[in-house]
Structures are given as C-alpha cells and as structure tokens.
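*Asks:* This is the structure, below, for whatever I ask next.
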Amino acid sequence: MADYALADLALSQRLERCEGKTNAAFVEARARLQPDLGASWIECAGAYAMFDGIGSPLTQTFGLGIFATPTDADLDTIEQFFDARGAAVFHEVSPIAPMETIELLVRRGYRPVELTSVMHRPAFSSNGEGRVQTRMAAAEEGERWSHVAAEGWSEFPDLIAFVRDMGRVWAASNGMSAFFAELDGQAIGTGAVGIYDGVAILAGASTIPTARKQGAQKALLQARLRHAAEQGCDLAMMCAAPGSASQRNAERQGFRIAYTRIKWGR
C-alpha cells in the first residue's frame, strides 16, 4: 500500500478545500434546482461560508483558519451573511488551525456542538467485484439514484424526504459522480464521489435494509477508489461521527483518522 500523507497543515488544507469545493458545487446545484431557496456561498479569509437553506448540514463554513487567520472583521462579514438569511452560524474548524482562530470563536460566544472524524487514505485502484456489481449512474438517473439512497434510510421515516432531496442535488452537482451497487440487476445501494485537486471525497453511502451485509458498500468503495485513481487522484477522504459504524467501516477499508474536527455554534 502507498504511503499515507502526514497529518499536517498541508494535508488539512487539501482535505478541507476538497470538501469545501464539493459542497460549494452542491450549493450551486441547489440554486439551479430550487432558485427560490436563495442558496449561495461566499469566500472570506479563505473559508467558504454556505447557505443551503435553514437547517441544512451544509449551512455553515468550511476551512475557517486553515488558509488565513480570521479577524473580527472577517467574522463580522461571515455572521452577516448568515444573519441576513435567518440562519444559525456554524463553523467546522480543523484542530490544525492556529489557536488564534479558536480564541476568536470563544471570545465571540461560540461553543463546540459537534465532532467529526476526518479520515484519509491513498487513492489507488483496487481489484474485483463479487456478487455485488457497481456502475456509474447515467445523467438521467439522478431521480432513481436519490430514491434508492432514501430507501437506505427507510427505518428513519423523518429523514426519507430529506435524504431524497439531498440525493437529487448530489446527482446534479458539477464534479460529483454517483454510483449504484446492484445485486441480480436490482439497485441496492448508492455512493458518490467528488474530486478536487487530486483529492476524492466519498459521500452518499446508503444500502437498502433488505440487502445489507452483502458487500454493497465495500463494492461501492472499491469502485469509487478506482474511479478516483483513473482521474489522477492520490488521496481519498471520508467524514464520519467519531466511533460510528461508518468510521469503523472506513477504517476496515484502509482509512485513517487525520484529525477530529470541531463544529462551533454561536
């Protein structure tokens, strides 16, 4: 296996920018699909501040403190962006950001509200699929992809509509490739991958309840890593809740935790 990148500032910048660029493309797709929502994003002090609707997990900043140390004036600009849209203000901050960033947030009344394991591994082609087959979704299959993704959350009825809506936007996002896992010709799982500057971010993982534990997500992971390698990527990343099943599954597939990121809320 190829060497792992060191968990330093350079790695954090690559991971955070890939996620930021991918999410910015998502917000732009949202603006095209639902113009009345007012989805938009800005860059300030190297961070991307995004509005994807009130309550969306993308309505926050990405990369704060990693590319430039923010000032009070920068935070004023970012807070005004969210305040004007009636949204709460959240910042996902890498622990590799300088302490001045944390001190600034604390001084302005922010507190930690969430933790995320940011994981990485070398991106290289891996061989073989078993009984579960994978393929890239065609451009006209976005609606089908979103429905299969939502079915994977069917045991959580309150989330089905949300996941289906997110799936539609994912499928329409520039730079995002959607994949199906199929068993005997039937779609049983989904995954997606976004690529920026040699980094591939894996997202959109879902398997329908009746087809779990048959290798769908392993097959989708291998397919997306092959795709990333073919596109010239040297690095893959995933994000998950610390200690979650998603984190354990990623670690089984060669991902390592680069750092634990903190979400700060005002």
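*Asks:* Name the residue, out of ASP52, ASP76, that is acidic (Asp, Glu) and surrounded by 22 or more Cβ atoms within 10 Å (Cβ to Cβ). If you could, list the steps in order and put the result at the bottom.
*Replies:* Values: ASP76 fails: surrounded by 22 or more Cβ atoms within 10 Å (Cβ to Cβ).
Exactly one residue qualifies, and that residue is ASP52.
*Asks:* Of the residues that sit in the range 146-186 and are surrounded by 16 or more Cβ atoms within 10 Å (Cβ to Cβ), of a type in the set (A, V, I, L, M, F, W, C) and out of contact with any Ser or Thr (no Cβ under 9 Å at 6 or more places or on another chain), which one is modelled with the lowest pLDDT?
*Replies:* ALA172
*Asks:* Restricting to the range 242-263, and then to whatever is in a strand (DSSP E or B) and open to solvent by 20 Å² or more (accessible area, probe 1.4 Å), can you tell me which residue is farthest from THR61 (Cα to Cα)? Outline the logic, then answer.
*Replies:* To start, the set of residues in the range 242-263 that are in a strand (DSSP E or B) comprises 256-263.
The next check asks that each one be open to solvent by 20 Å² or more (accessible area, probe 1.4 Å); those that pass are 256-257, 260, 262-263.
Details: ARG256: 24, ILE257: 21, THR260: 16, ILE262: 12, LYS263: 9 Å.
Restricting to residues being in a strand (DSSP E or B) and open to solvent by 20 Å² or more (accessible area, probe 1.4 Å), the top hit is ARG256.
*Asks:* Considering only the range 42-50, I want to know if a residue exists there that is touching a Pro at 6+ places or on another chain (Cβ under 6 Å) and either modelled with pLDDT of 95 or more or farther than 17 Å from MET237 by Cβ (or both). Break it down into steps so the answer makes sense when it comes.
*Replies:* To start, the set of residues in the range 42-50 that are touching a Pro at 6+ places or on another chain (Cβ under 6 Å) comprises 45.
From what's left, either modelled with pLDDT of 95 or more or farther than 17 Å from MET237 by Cβ (or both): 45.
Within the range 42-50 (the criterion being touching a Pro at 6+ places or on another chain (Cβ under 6 Å) and either modelled with pLDDT of 95 or more or farther than 17 Å from MET237 by Cβ (or both)), the answer is yes, since at least one residue qualifies.
Residue by residue, here is whether (1) in contact with a Leu (Cβ under 7 Å, 6 or more places away or on another chain); (2) free of Cβ contacts under 8 Å to residues at least 40 places away in the same chain holds:
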site: GLY204; (1), (2): no, no
site: ALA211; (1), (2): yes, yes
site: ALA216; (1), (2): no, no
site: GLN231; (1), (2): no, yes
site: LEU235; (1), (2): no, no
site: PRO242; (1), (2): yes, no
site: GLN247; (1), (2): no, no
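*Asks:* Now a separate question. For the range 59-73, which residues satisfy the criterion of being over 20 Å from ALA10 (Cβ atoms) and surrounded by 20 or more Cβ atoms within 10 Å (Cβ to Cβ)?
*Replies:* Our first condition is that a residue be over 20 Å from ALA10 (Cβ atoms); within the range 59-73, this holds for 59-61, 71-73.
The answer is THR59, GLN60, THR61.
*Asks:* Confirm whether CYS239 is closer than 29 Å to ARG32 by Cβ, within 17 Å of the chain's Cα centre (by Cα), among the hydrophobic types (A, V, I, L, M, F, W, C) and assigned to a loop (DSSP other than H, G, I, E, B).
*Replies:* On the way: closer than 29 Å to ARG32 by Cβ: yes; within 17 Å of the chain's Cα centre (by Cα): yes; among the hydrophobic types (A, V, I, L, M, F, W, C): yes; assigned to a loop (DSSP other than H, G, I, E, B): no.
So CYS239 fails the test.
*Asks:* Among the residues of the range 66-96, count how many are over 25 Å from the mean Cα position of the chain (by Cα) and charged (D, E, K, R).
*Replies:* 2
*Asks:* Any chance the range 8-18 includes a residue that's under 21 Å from ALA258 (Cα atoms), surrounded by fewer than 20 Cβ atoms within 10 Å (Cβ to Cβ) and acidic (Asp, Glu)?
*Replies:* yes
*Asks:* Let me ask something else about it. State whether the residues of the range 144-158 include one that is part of a strand (DSSP E or B), touching a helix residue (DSSP H, G or I) at 6+ places or on another chain (Cβ under 7 Å) and among the aromatic types (Phe, Trp, Tyr). Spell out how you get there, then give the answer.
*Replies:* We begin by selecting, within the range 144-158, every residue part of a strand (DSSP E or B); these are none.
No, that holds for no residue.
*Asks:* Determine if the range 48-68 includes at least one residue that is closer than 14 Å to ILE262 by Cα, in contact (Cβ under 8 Å) with a residue 60 or more places away in the chain and not aliphatic (A, V, I, L, M).
*Replies:* Checked against the condition, which is being closer than 14 Å to ILE262 by Cα, in contact (Cβ under 8 Å) with a residue 60 or more places away in the chain and not aliphatic (A, V, I, L, M), the range 48-68 yields at least one hit.
*Asks:* Sticking with this one: Scan the range 92-145 for residues that are within 30 Å of ALA223 (Cβ to Cβ) and open to solvent by 80 Å² or more (accessible area, probe 1.4 Å) and jot them down.
*Replies:* Here is the first cut: in the range 92-145, the ones within 30 Å of ALA223 (Cβ to Cβ) are 92, 94, 114-145.
If the condition is that a residue be within 30 Å of ALA223 (Cβ to Cβ) and open to solvent by 80 Å² or more (accessible area, probe 1.4 Å), then GLU114, LEU115, ASN127, ARG131, GLN133, MET136, ALA139, GLU140, GLU143, ARG144 are the ones that fit.
*Asks:* Just to be sure, is GLY194 small (Gly, Ala, Ser), at pLDDT 90 or above and within 22 Å of ARG261 (Cβ to Cβ)? If you could, list the steps in order and put the result at the bottom.
*Replies:* Numbers: small (Gly, Ala, Ser): yes; at pLDDT 90 or above: yes; within 22 Å of ARG261 (Cβ to Cβ): yes.
Yes: the conditions hold for GLY194.
*Asks:* Is it the case that VAL106 is of a type outside the set (Lys, Arg), without any contact (Cβ under 8 Å) to a residue 40 or more places away in the chain and either more than 24 Å from SER40 (Cα to Cα) or in a strand (DSSP E or B) (or both)?
*Replies:* Values: of a type outside the set (Lys, Arg): yes; without any contact (Cβ under 8 Å) to a residue 40 or more places away in the chain: yes; either more than 24 Å from SER40 (Cα to Cα) or in a strand (DSSP E or B) (or both): yes.
Yes; evaluated as a whole, the condition is true for this residue.
*Asks:* Take the conditions more than 15 Å from the chain's Cα centre (by Cα), open to solvent by less than 30 Å² (accessible area, probe 1.4 Å) and at pLDDT 90 or above and apply them to GLY232. Does it pass? Give the derivation first.
*Replies:* Values: more than 15 Å from the chain's Cα centre (by Cα): yes; open to solvent by less than 30 Å² (accessible area, probe 1.4 Å): no; at pLDDT 90 or above: yes.
No; evaluated as a whole, the condition is false for this residue.
The values are calculated or read from the model by the stated rules, or taken from the named source; none is laboratory data. What you see is a predicted model, and the numbers here were worked out from it, not measured in a lab. Here the Cβ is made from the backbone with ideal geometry for all residues, glycine too, and neighbour counts use every protein chain on show. The accessibility values were calculated without ligands, DNA or RNA, using every heavy atom of the protein model including side chains. Shrake-Rupley method; radii C 1.70, N 1.55, O 1.52, S 1.80 Å.
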